[in-house]
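In what follows, a structure is listed as structure tokens, so that the remarks can point back to it.
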Amino acid sequence: MSYYTDERLITSRDALNRWEFKLKLLEVVENARDPAAFKFGHRVLVKKVLVIIRNLRTNEVTEKELDLEEIENEIRSKRYFSSANRWVAPSEIKNGYIVGYRHNDLLANAIALDYITI
């Protein structure tokens, strides 16, 4: 069943208000075991997302499919660690989209490796 979700809840913007982002959840890791489940409750490990980027000045829309697991492995091989957190609570997923305040955590590695340029 699909419920109404306010557009402002699932979008985020850059600091200069030029770009608007949405993240659509495509795939999660099925057999993932959360090491901090006792602390944060039930969460899912995000594997793939579709990033929808809209230029607010020209209304041009760009879509990119990102494999976050592959990007995390790449950044670990290049820089020894990854600061991104791919664990998302089910309450932070609305109609298949990830809420806006989690976008920074999920896209940190992709931005660092220039998969997404702003």
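Of all residues in the range 55-75, those that are touching a residue at least 40 places away in the same chain (Cβ under 8 Å) and within 26 Å of residue 29 (Cα to Cα) have Cβ atoms under 7 Å from Cβ atoms of residues that are outside any helix (DSSP H, G or I) and among the charged types (D, E, K, R), 6 or more apart or on another chain, in 66/48; 68/47; 68/48; 68/86; 69/47. Among the conditions (1) under 22 Å from residue 10 (Cβ atoms); (2) part of a helix (DSSP H, G or I), the only one that residue 24 does not satisfy is (2).
Take the residues in the range 57-78 that are basic (Lys, Arg) and farther than 15 Å from residue 23 by Cα; name whichever of them is surrounded by the most Cβ atoms within 10 Å (Cβ to Cβ).
Checked the range 57-78; the qualifying residue surrounded by the most Cβ atoms within 10 Å (Cβ to Cβ) is 76.
For the structure I just gave you, tell me whether residue 39 is open to solvent by 60 Å² or more (accessible area, probe 1.4 Å) and either within 21 Å of residue 109 (Cα to Cα) or more than 11 Å from the chain's Cα centre (by Cα) (or both). Judged against the criteria, residue 39 is a match. Quick one: residue 81 ticks every box in (1) of a type in the set (A, V, I, L, M, F, W, C); (2) under 20 Å from residue 11 (Cβ atoms); (3) open to solvent by 70 Å² or more (accessible area, probe 1.4 Å) bar one, so which box is it? Result: residue 81 fails condition (2) only.
Does any residue of the range 98-107 turn out to be in a strand (DSSP E or B), in contact (Cβ under 8 Å) with a residue 12 or more places away in the chain and over 20 Å from residue 16 (Cβ atoms)?
So far as the range 98-107 goes, yes, one or more of its residues are in a strand (DSSP E or B), in contact (Cβ under 8 Å) with a residue 12 or more places away in the chain and over 20 Å from residue 16 (Cβ atoms).
The values are calculated or read from the model by the stated rules, or taken from the named source; none is laboratory data. Note that the structure is a prediction, hence the values are computed from the model and not measured. Cβ: placed from backbone, ideal geometry, glycine included. Neighbour counts: every protein chain shown. All accessible areas refer to the heavy atoms of the entire protein, side chains included, with ligands and DNA or RNA removed. Shrake-Rupley method; radii C 1.70, N 1.55, O 1.52, S 1.80 Å.
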